[in-house]
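K.L.:
Okay, handing you the structure first.
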Amino acid sequence: MKASDVRAKTSDELAVNLEELKKEQFNFRFQKATGQLENTARVRQVRRDIARVQTILRDKRMSDNA
């Protein structure tokens, strides 16, 4: 997920995307605990995507308030 792609989305779309990413992260944690996690690199990617979406959401909120 590129930052430019994320910036093109609306705040509502980003909120839905953030919720999906957090669900995926939860599922990965569950898989890791049960020893079924296969793609460990995806965990890192999801964590960074969550941070990216949260940062851009914050930027959008700050620009709306300014």
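Throughout, read-outs are computed from the coordinates displayed, never taken from laboratory work. As the structure is a computational prediction, the values presented were derived from the model and not from experiment. Every residue, glycine as well, gets a Cβ built from its backbone with ideal geometry; the counts of neighbours run over all protein chains shown.
K.L.:
Taking the Cα atoms only, what angle lies between the long axis of helix 11-34 and the longest principal axis of the chain, rounded to 10 degrees?
P.N.:
Helix 11-34 sits roughly 20 degrees off the main axis of the chain.
K.L.:
Between 0 and 90 degrees, rounded to the nearest ten: what's the tilt of helix 40-65 against the longest Cα principal axis of the chain?
P.N.:
20 degrees
K.L.:
So for the pair LYS60, ARG7, with labels modelled 7 Å out along Cα→Cβ, what separation do we get in nm?
P.N.:
Roughly 1.4 nm, to one decimal.
K.L.:
Subtracting the Cα-Cα distance from 0.36 nm times the residue separation, let me have the gained length for ARG42 to ARG29 in nm, one decimal.
P.N.:
Length gained between ARG42 and ARG29: 3.5 nm.
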